[in-house]
Structures are given as C-alpha cells and as structure tokens.
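The values are calculated or read from the model by the stated rules, or taken from the named source; none is laboratory data. Quick caveat: nothing in here was measured; it's all calculated off a predicted structure. Cβ sites come from the backbone with ideal geometry, for glycine too, and all protein chains shown count toward neighbours. Ligands, DNA and RNA are excluded from the accessible area calculation, which covers all protein heavy atoms including side chains. Shrake-Rupley method; radii C 1.70, N 1.55, O 1.52, S 1.80 Å.
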Amino acid sequence: MPHLLSSIREDVTHVMEHDPAAKSRLEVFLCYSGLHAVWFYRMNHWLWNHRVFLLARMLSQAARFLTGIEIHPGAKIGRRLFIDHGLGVVIGETAIVGDDVTLYQGVTLGGTGKEHGKRHPTLEDGVVVGSGAKILGNITVGKNCRIGAGSVVLRNVPENSTVVGVPGHIIFREGKRVVITDPKQINDPLSEALASVVTEVNNLRERVQQLEGSEAKGQPLSESLQRIMEDVDYQI
Ligand SMILES: CC(C)(COP(=O)(O)OP(=O)(O)OC[C@H]1O[C@@H](n2cnc3c(N)ncnc32)[C@H](O)[C@@H]1OP(=O)(O)O)[C@@H](O)C(=O)NCCC(=O)NCCS
C-alpha cells in the first residue's frame, strides 16, 4: 500500500514504453482500465493481507464493475502487470503472476473445478497471454512464454515456449519450431480416434497391396499423410 504511488508511476512508464498506442502519461493514467484494475487490486490485496476479507472482496467487485476486470484480492501479482484492453479478464484467488506479464482481453487464469487449495495457475516473469486464452488449474507457465489467442492451456509449459490451440500445445521452444506429427502429443480427446484411423488406413493399404500384388505398390500417398503414418506407425 505505501508503495502504491511508486507502483503507479512504474506502471505508467511501462505502458509508455511498451504500447505504441500510448500518446502521453496523462492519457495512460486516465484511460487504461487494465492499470486501474491493477491499482485497485494492490489496495484490495493489502486489505486481504490484513484480513479485511469482506471489504477487499467488495472493493474488488466494485473494480470489476468499473473496469470489466476481475482480480481476486488473494491473488499474488508481481510488478508491471499490463492488462491491455482488459475487458473480461479474470484472475483467480490462488493465481500467481510474475513481473512484466502482459494479459490481453478475455484471459482467464482460472481453476478446473477439480482442485482445492492452490488451484489457479502460476505465470512466471515475462509471460504474454493472447486475447481469450484460458489457463486453467494449478499449472506453471514458464518465463517468457507466449500463449496464443484463444488457447486453452491445461498443462505446465516450459520457459521460452509458444503455445497455441485447444488444448494448448507447444509450437516454438527456445526459438525453434516444434512440429507435431503424432496426434497423441496434442492430448486432445480426439487424438486416440485420429491415431486409430491412421493405423486402420495403414492396415487397409497393406491389405490392398497384398490383394492387388505389385500393381498397387509404390502408389504415392499425399506427403502429409505419409509423414503422419510413418510417425504414428512407430509411436503406437
Ligand atoms: C501465438 C502467437 C504469439 C504466435 O505468434 P508467432 O510467433 O508470430 O507465430 P506465427 O504467427 O508464425 O504462427 C506460427 C503457427 O502457429 C499458428 N498460430 C498462431 N497463433 C495461433 C493461435 N492463436 N491459435 C492457433 N494457431 C495459431 C499459425 O497459424 C502458424 O501455423 P503454421 O505454421 O502451421 O502456418 C500469436 O499468433 C498470438 O496468438 N498472439 C496473441 C496476440 C493477441 O492476443 N493480440 C490481441 C491484441 S488486442
């Protein structure tokens, strides 16, 4: 709480440095709801830590009404959190957010509904979460990760990775492209079904080759199907 003023100064400077749309410090101070929500949170978190739970919760609801951003006062948030645009962002009670994190509108740091105690995610320093992404459960998103817009992340993410998709899977790690050829790696409920279809196609192809003799041999599959089948063949 005593540091609120210095935190406000630091947040405004951070936005001036990182948002090309920001024209002046006064504009940032007056017009960025994401910052207003964080400043409300700092006050509410102070109350929460001093066990003034109800007032902290009531003020966080007032902040939600004013900014469209819901940050539970029990969450632990580091320095220079930038919530850009902001509407619809939800940060749960046991979420931990490191320094220099950016969240776009519609991001949820939520629970899966199955866990107790620490049930919301931990975002390490420098993480950027794209609009509409959902990060659910007591998982950790490592330093400097980027989470694609619209992703649903349900598993730990190692640092310096980029994740996209539903469920989220890594497409870049330490600057290198990660190519997924085995559907099981995506951990989608349909992965098993896709893998068994690929296996079945493989079996049928072999059977056709046996029945038609050498004529069918050597007929090319499409390049992508060939790659998937080769990969799944030895993974299953
Ligand atoms: C995930 C993200 C950071 C990746 O950016 P990048 O490193 O430049 O990666 P690319 O754009 O080269 O995309 C790499 C691959 O991932 C796919 N991809 C990118 N973002 C995706 C997303 N959100 N969901 C699903 N797939 C995505 C691309 O189609 C591409 O696939 P391909 O190689 O098979 O063609 C970026 O796409 C993103 O979602 N940023 C969030 C921005 C945001 O929310 N802005 C809100 C402003 S209001």
Would you mind calculating the gained length between Glu93 and Asp125 on full extension (0.36 nm times residue separation, minus the Cα-Cα distance), in nm to one decimal?
-> 9.6 nm
Starting from the amide H of Ile171, placed 1.01 Å from N in the peptide plane, find each other amide H under 5 Å away whose residue is 5 or more places distant or on another chain.
-> Thr162, Val163, Val164
Listed residues Val12, Val163, Val127, most fluctuating in the chain (Gaussian network, C-alpha, under 10 Å) | Val12
With a 1.4 Å probe and every protein chain left in place, tell me how much accessible area Tyr104 has, in Å² to the nearest 10.
-> 80
For the chain, the charge dipole (Cβ of Lys, Arg +1; Cβ of Asp, Glu -1; about the Cα centre) points to a positive end, and the Cα of Ser60, Val127, Leu35 closest to that extreme belongs to Ser60
With every protein chain in place, the accessible area of Arg64 for a 1.4 Å probe, in Å² rounded to the nearest 10, comes to 110
What whole number of Å gives the distance from the Cα centroid of the range 101-121 to the Cα centroid of the range 1-72?
-> 19
Heavy-atom SASA rank of Val141, Val197, Val152 (probe 1.4 Å, accessible area, largest first) = Val197, Val152, Val141
Of Gly74, Gly117, Gly213, the one that fluctuates the most in a GNM where the chain has Cα springs shorter than 10 Å = Gly213
Alpha carbons only, please: Rg and Dmax for the chain, in angstrom.
-> 23.5, 83
To the nearest 10 square angstrom, what accessible area does Leu47 show with a 1.4 Å probe?
-> 20
Gaussian network model of the chain, Cα springs within a sub-10 Å range: biggest mean-square fluctuation belongs to which of Ser161, Ser151, Ser196?
-> Ser196
Given a 1.4 Å probe, the accessible area of the chain per residue, as a whole number of Å², is 56
What does the helix-only formula give at 222 nm for the chain: each DSSP H stretch with n ≥ 4 adding -39500 (n - 2.57), the total divided by the residues, and the result rounded to the nearest 500 deg cm²/dmol?
-> -12500 deg cm²/dmol
Solvent-accessible area, 1.4 Å probe, carbon plus sulfur percent, for the chain | 57
